[in-house]
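Since the structure comes first, as structure tokens, the remarks are kept for the end.
The values are calculated or read from the model by the stated rules, or taken from the named source; none is laboratory data. Quick caveat: nothing in here was measured; it's all calculated off a predicted structure. As a convention, Cβ positions derive from the backbone with ideal geometry for all residues, glycine included, and neighbour counts pool all protein chains shown. Side chains are part of the model used for accessible areas, which takes the heavy atoms of the whole protein and leaves out ligands, DNA and RNA. Shrake-Rupley method; radii C 1.70, N 1.55, O 1.52, S 1.80 Å.
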Amino acid sequence: MAEQLSQEAMHNQSYQYIIETIIPSERRNQVYDFWRKDKVLAERCEFIAKLYQQYVDNPTAENYFISLLADYLLEGLYFYNGFIYFYNLASRMLMPGSADIFKMINRDELSHVRLYQRIIPEAMNTFTHSREQIYEMFDQAVKHECRWTNHIVGNNILGITEESTEQYTKYLANIRLRSIGLNPLYPDEKYNKSPYSHLERFSDTKKEAFTKANFFESSVTSYVMSSGVTGWDEI
Ligand SMILES: [Fe+2]
């Protein structure tokens, strides 16, 4: 968990690095404050934040169990449509440096998912909980994630559609449920496969990942840092 905390701090730095290198300074605050103005984004964030807050305000065993599930949803479901966006761009040689950063964040998130895949089945044996409530939380998280992705990306990026977003998000929910010993929530056959399997070579964190231009081997030279965040230039 200490490792997870330090990685999350590094992810914040890397997001900041991307924002500061590609967004002009006068527009950066709009990015950081977007959640304050955008209702869909605020509601998506609040769904998870409220589950944590519930435990802070009323630290019962049941609320602790729910906050573990909230983390699992955050680590296992919430980030991935964002990663896919950058892998799609990278497949057309767009923003390969950012895709490289997201590839590493993706690797870290999957290690956090694995941690919770160990903790949650143990917690299910220890804490009283309702299975229906777990399925309901997953369904809610899927709805927020689809709603947000359709709102911010929609059908406007080649390779991503509202349909592929729904299929991918439900596919993720199914595999995350299976890996903690529960049944898939979306039984339709199409939700058993990812619509983005052709992008796996762009998300591969191992050296064998091969692309035509093999750009993950090259260093990022086109970003110029304005101030503050150091370290990423060496990647
Ligand atoms: Fe994480």
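Taking 8 Å as the Cα distance limit and 6 or more residues as the minimum spacing, I'd like the relative contact order of the chain as a percentage.
26 percent
Using a probe radius of 1.4 Å on heavy atoms only, what accessible surface per residue do you get for the chain? Whole Å² is fine. Write down the numbers at each step before the final one.
On the way: 12820 Å² over 235 residues.
On a per-residue basis, 55 Å².
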Around GLY181 (Cβ within 15 Å, Cβ-to-Cβ, excluding GLY181; K/R +1, D/E -1) the net charge comes to +4
Whole-percent carbon and sulfur contribution to the accessible surface of the range 103-195 (1.4 Å, no ligands, DNA or RNA) stands at 48 percent
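If packing is taken as the mean number of other Cβ atoms within 10 Å per residue, what is the order of 190-203, 151-164, highest first? Walk me through the numbers before you get to the answer.
On the way: 190-203: 16.2, 151-164: 14.1.
By packing density, highest mean first, the sequence is 190-203, 151-164.
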With Cα coordinates, the longest principal axis of the chain makes an angle with the long axis of helix 39-57, in degrees rounded to 10, of 50 degrees
Under the 7 Å Cα-to-Cβ spin-label approximation, SER111 and ALA2 lie apart by a distance in nanometres of 1.4 nm
Ignoring ligands and nucleic acids, ILE101 exposes an accessible area, probe 1.4 Å, in Å² to the nearest 10, of 10 Å²
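Would you mind telling me the share, in percent, of accessible area of the range 1-65 contributed by carbon and sulfur at probe 1.4 angstrom? Walk me through the numbers on the way to the answer.
Values: 2410 of 4320 Å².
That share works out to 56 percent.
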Cα convex hull volume per residue for the range 97-189, in Å³, equals 111 Å³
re the chain: pairs of Cα atoms spaced beyond 34 Å account for a percent value of 17 percent
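Within the set of other residues whose C-beta is less than 14 Å from the C-beta of GLU43, count the net charge using Lys and Arg as +1 and Asp and Glu as -1.
Working: positive: ARG36, LYS37, LYS39, ARG44, LYS50, LYS143, ARG147; negative: ASP38, GLU46, GLU145.
For residues surrounding GLU43, the net value is +4.
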Straight-line reach check, LYS190, cutoff 16 Å on alpha carbons, 8 or more apart in-chain or any other chain, hits among aspartates and glutamates -> GLU162, GLU163, GLU166
With every protein chain in place, the accessible area of MET93 for a 1.4 Å probe, in Å² rounded to the nearest 10, comes to 100 Å²
With Cα coordinates, the longest principal axis of the chain makes an angle with the long axis of helix 131-152, in degrees rounded to 10, of 30 degrees
Longest principal axis of the chain (C-alpha) makes with the long axis of helix 162-178 (C-alpha) an angle, in degrees to the nearest 10, of 50 degrees
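In this model, which of LYS143/LYS170; LYS50/LYS143; LYS103/LYS143 are farther than 18 Å apart at the alpha-carbon? Display every interim value, and only then the final one.
Details: LYS143/LYS170 9 Å; LYS50/LYS143 16 Å; LYS103/LYS143 25 Å.
Check vs 18 Å cut-off fails for LYS103/LYS143.
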